[in-house]
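Down below is the structure, laid out as structure tokens.
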Amino acid sequence: MTATLHIDWTRCDGRGLCAELLSGVLVRDDWGYPVARGRQGPERTDVPVRPDDLEAAREAVSLCPRLALSLRDAASGDSQRRR
Amino acid sequence: MNPVSGELRQASPPHAQPVSRLLAAGPEAEYARHADTFGHLDPDAAAPGLLNLLEASGLTGRGGAAFATWRKAVATSQSAQKRLVPVRPVVIANGAEGEPLSFKDRTLLAHAPHLVLDGLLAVARAVAAAQVYLYAPAASIPGAQRALAEHPGGRRIQVVASPDTFISGEASAVVNNIATGSAIPLDKRRRLSDTGLKGRPTLVLNVETLAHVALIARFGADWFRAAGTPQDPGTRLVSVSGRGPGRDVVLEVPGGALLTDVLQSAGMDPATLSAVLVGGYHGRWVRPAAHVLAPNGPVGQVVRPGAGVIHALADGQCGLQATAGIVTYLAGQSARQCGPCMFGLPAMAGVLNRIAAGEQDPRLPGDLDRLANLVTGRGACHHPDGTVQLIGSALEVFSGDVRSHLAGRCSAVGIWAP
Ligand code: SF4
Ligand code: SF4
């Protein structure tokens, strides 16, 4: 099962660290906030992450200065969050 | 259809079967008249089979999202039981009506508060709720307090005032406001049915939805389905407005009603209207053709009623200017906590205002498209997506006006300086 990276928009301040760490998955919008590449609708808030990107996604979760990111393993529904 | 304005009007509309379920007890029904009309409902007796009855009835939420009511209730009660230490849920009747064109919920609370309370108490009993709330705008609270004082189960219910902001009725904003006094939406990583108010599984239901529950609990699913269509059973309240003040009216219409019938019932001639906004500020503009008002179905034939807002564009009003005004308002109503909403909505309002004002820059529609595509799916609530839907429908329905504006003309306002 693909994991998903959840973006909590109420926390994110758009400095864009995640887009640097996960450049294959996220780009920055006009204001700096992350946009999921090639995704539409709800997949822009719960972004599917391929196994290859998982390591970088974990890093983004732990380095996001606003604790805005969490990773959810779709199979188990567990989520990892630095809190 | 039973029109209700400031006073209840009983005139039979021309092209529709009159329906009067929710408001059958008449204006400002006190408990005695309510019980005379509908009979008394004992929540303890109603609760055991209630969720099955709701499933059989096909009742969907009347607050906008049209989600199956029984599913929400079952999810809440299951997640309460699933916990290691079971926690009893919270049930909230949502009467916040931040949508400026909506007035059916406050009309319902004014005229049939006891149906709402009956439904609330029955659902609360069915999911074994620990706490029960009524969340309503300040203007509805004195009437609600009077009803609570009369109602046999009224003491169980706590009343919380909703602020008059557009977003105050969003389910997580409701929970947030009751918990912290701040009516702004929460991140949706966790579902309210799992952890809502103070971590309890929480069920938020629109007040009209609860009034239908109260009737279904009494008269059954088949009775409910006797109005409407198999896909959209029962009735719904709609707030119909437009064409100057004094014509605003609340109608109770069967599921799957034709938009043109509803407009006629409200005293408007669809043939004279250029466009109708259906579903409110997060809804869509449509031409007043024979659209079916229903939560599901093919676009083009069906238009979603959302929270039941139907607003006719006034004669001589420019649809683009009307939409620009709405989007400017919506941008101001962003809770300003999610970047794409906080920056994207004002940006879209800016471009739309330039088109509406007749700025002759052919790149403007493309800019608007790009911004709309950028903000969708990127907020803690539906506000960005709802706003984009409204703009998309305006660009479609008023496409001729967009071309005229870009060429320096407006069919409503006339010709700008070349
Ligand atoms: S690193 Fe965190 S705060 Fe920064 S843009 Fe990404 S999600 Fe937002
Ligand atoms: S999307 Fe907009 S309105 Fe909704 S919570 Fe975020 S900032 Fe507030």
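The values are calculated or read from the model by the stated rules, or taken from the named source; none is laboratory data. Model, not experiment: these values are computed from the prediction. For neighbour counting, all protein chains shown are included, and Cβ atoms are generated from backbone atoms with ideal geometry for every residue, glycine included. Ligands, DNA and RNA are excluded from the accessible area calculation, which covers all protein heavy atoms including side chains. Shrake-Rupley method; radii C 1.70, N 1.55, O 1.52, S 1.80 Å.
Annotations
- Within the range B:375-396, tally of residues that are within 16 Å of ligand 1 (Cβ to nearest atom), crowded, with 24+ Cβ neighbours inside 10 Å and not in a helix (DSSP H, G or I): 3
- Filter pass, residue B:109 being part of a helix (DSSP H, G or I) and of a type in the set (A, V, I, L, M): yes
- Tally of residues being open to solvent by 40 Å² or more (accessible area, probe 1.4 Å) and within 16 Å of ligand 2 (Cβ to nearest atom) across the range A:31-49: 3
- Residue B:241 being in contact with a Leu (Cβ under 9 Å, 6 or more places away or on another chain) and within 14 Å of another protein chain (Cβ to nearest Cβ): no
- Among residues of the range A:11-25 being open to solvent by less than 60 Å² (accessible area, probe 1.4 Å) and free of Cβ contacts under 8 Å to residues at least 24 places away in the same chain, the one that is nearest to ligand 2 (Cβ to nearest atom) is A:14.
- The one condition in (1) within 12 Å of chain A (Cβ to nearest Cβ); (2) buried (at least 23 other Cβ atoms within 10 Å of the Cβ); (3) among the aliphatic types (A, V, I, L, M) that residue B:347 fails to fulfil: (2)
- Only a single criterion out of (1) within 14 Å of another protein chain (Cβ to nearest Cβ); (2) open to solvent by less than 40 Å² (accessible area, probe 1.4 Å); (3) modelled with pLDDT under 95 is not satisfied by residue B:313, namely (1).
- Residue in the range B:323-342 that is away from ligand 2 (no atom under 16 Å from the Cβ), modelled with pLDDT of 95 or more and surrounded by fewer than 21 Cβ atoms within 10 Å (Cβ to Cβ) present: yes
- Qualifying positions in the range B:331-343 - under 19 Å from residue B:182 (Cα atoms) and either within 12 Å of chain A (Cβ to nearest Cβ) or not in a helix (DSSP H, G or I) (or both): B:333, B:334, B:335, B:336, B:337, B:338, B:339, B:341, B:342
- Filter result for residue B:139 (more than 16 Å from ligand 2 (Cβ to nearest atom) and open to solvent by 20 Å² or more (accessible area, probe 1.4 Å)): yes
- Test for residue B:358: is it outside the structural domain of residue B:307 (by TED's automatic domain parsing), surrounded by fewer than 21 Cβ atoms within 10 Å (Cβ to Cβ) and at pLDDT below 95: yes
- The residues in the range A:50-73 that are hydrophobic (A, V, I, L, M, F, W, C) and loosely packed, with under 15 Cβ neighbours inside 10 Å can be counted, and the count is 2.
- Considering residues of the range A:1-21 that are more than 7 Å from every other protein chain (Cβ to nearest Cβ), part of a loop (DSSP other than H, G, I, E, B) and within 6 Å of ligand 1 (Cβ to nearest atom) only, the residue modelled with the highest pLDDT: A:13
- Lone qualifier among B:282, B:291 - being at pLDDT 95 or above and outside the structural domain of residue B:385 (by TED's automatic domain parsing): B:282
- Listed by first and then second residue, the pairs with beta-carbon distance under 6 Å, at least 6 apart or on different chains, first residue in the range B:52-75 and within 14 Å of residue B:91 (Cα to Cα), second of a type in the set (Asp, Glu), are B:70/B:55.
- Number of the exception - residue B:150 against (1) open to solvent by 10 Å² or more (accessible area, probe 1.4 Å); (2) over 17 Å from residue B:28 (Cβ atoms); (3) touching a Phe, Trp or Tyr at 6+ places or on another chain (Cβ under 9 Å): (2)
- Qualifying position, being under 25 Å from residue B:177 (Cβ atoms) and either among the hydrophobic types (A, V, I, L, M, F, W, C) or within 27 Å of the chain's Cα centre (by Cα) (or both), among B:305, B:346: B:346
- Count of the range B:163-191 residues which are away from ligand 2 (no atom under 14 Å from the Cβ) and either under 18 Å from residue B:61 (Cα atoms) or away from chain A (no Cβ under 14 Å) (or both): 5
- Taking every residue in the range B:196-210 that is open to solvent by 10 Å² or more (accessible area, probe 1.4 Å) and pairing it with any residue that is of a type in the set (Asp, Glu) and assigned to a helix (DSSP H, G or I), at least 6 positions away or on another chain, the pairs with Cβ-Cβ distances below 8 Å are B:206/B:105.
- Every condition in (1) over 17 Å from the mean Cα position of the chain (by Cα); (2) assigned by TED's automatic domain parsing to the domain that holds residue B:406 is met by residue B:297 except one, and the failing one is (2).
- Qualifying position, being touching a His at 6+ places or on another chain (Cβ under 9 Å), away from ligand 1 (no atom under 12 Å from the Cβ) and within 28 Å of residue B:388 (Cβ to Cβ), among A:30, A:46: A:46
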